[in-house]
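Peer 1: Pasting a structure here, questions to come.
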Amino acid sequence: MGTHHLAELNVGRLRAPKGSPVVAEFFDNLDPINALADASPGFVWRLQSDEGNATDIQLDDGDPLFIVNLSVWESVEALKAYVYRTEHREFLRRRREWFEVMDELIMVLWWVPAGTTPTAEEAMERLRLLQANGPGPEAFTFRELHEPPAPTPVASAADQRSVV
């Protein structure tokens, strides 16, 4: 396992509130698609409420139609395999049926130290950074990937002794 994992955030604004026929198929398939992610090779963690998903987690803007999906993966390859080579791909293709088209970027990737989980607020900061500055090591996309930070070398006991 590497020293860093890949964090991923994607956001969207629903075309209608939960319970509406407009978004019913999206919500009907949320549990199976999340279960598929949970069982996928390289999956580490995803943001979820007591309901088992993140659709009811409200951010500071308070818009009940704005939803987030935040997850952590062992690698870019693991996330790509889930997104593009499972049943998830079909739902990704149908995104416009359930979500408004947004003018700004809606997905961001960044590296987190293995064993840590990002917050939704941190994830939104990364998305805003990407929207403002474009891709870089702190916030990027599948189109312009960045390598994880190099591991910090651990100093040996000999290196830590002071020379008098």
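Peer 1: Name the residue, out of 71, 20, 40, whose mean-square fluctuation peaks in a Gaussian network model built on the chain with Cα pairs under 10 Å.
Peer 2: Judging by the Gaussian network model, the answer is 20.
Peer 1: Rank by packing, highest mean first: peptides 112-123, 96-107, with packing defined as the count of other Cβ atoms within 10 Å averaged across residues.
Peer 2: Descending packing order for the listed peptides: 112-123, 96-107.
Peer 1: In addition: Computing the accessible area with a 1.4 Å probe over protein heavy atoms, can you report the carbon and sulfur percentage for the chain?
Peer 2: Carbon plus sulfur share of accessible area: 52 percent.
Peer 1: R0 = 25 Å: FRET efficiency of residue 25 with residue 58, Cβ-based, nearest 0.05?
Peer 2: Between residue 25 and residue 58 the formula returns 0.65.
Peer 1: Per-residue ellipticity at 222 nm for the chain, helices alone: DSSP H runs ≥ 4 residues times -39500 (n - 2.57), over residue total, nearest 500 deg cm²/dmol? Present the calculation step by step, with values, prior to reporting the outcome.
Peer 2: On the way: 6 runs with 57 residues, N = 164.
About -10000 deg cm²/dmol.
Peer 1: So for the pair residue 143, residue 3, with labels modelled 7 Å out along Cα→Cβ, what separation do we get in nm?
Peer 2: Inter-label distance under the simple model: 3.1 nm.
Peer 1: I've got another one for you. Does a label point 7 Å from the Cα of residue 107, set along Cα-to-beta-carbon, have any residues of region 1-19 with amide nitrogen under 14 Å, and which are they?
Peer 2: Residues 7-12 qualify, since their backbone N sits under 14 Å from the label point.
Peer 1: Subtracting the Cα-Cα distance from 0.36 nm times the residue separation, let me have the gained length for residue 15 to residue 90 in nm, one decimal.
Peer 2: Numbers: separation 75, 0.36 × 75 = 27.00 nm, distance 1.85 nm.
Answer, rounded to one decimal: 25.2 nm.
Peer 1: Here are a few candidate values for Rg and Dmax of the Cα atoms in Å: (i) 16.6, 62; (ii) 18.2, 76; (iii) 18.7, 58. Which one was actually calculated from the structure I just gave you?
Peer 2: (ii)
The values are calculated or read from the model by the stated rules, or taken from the named source; none is laboratory data. Note that the structure is a prediction, hence the values are computed from the model and not measured. Cβ: placed from backbone, ideal geometry, glycine included. Neighbour counts: every protein chain shown. Surface areas here come from the heavy atoms of the whole protein model, side chains and all, with no ligands, DNA or RNA. Shrake-Rupley method; radii C 1.70, N 1.55, O 1.52, S 1.80 Å.
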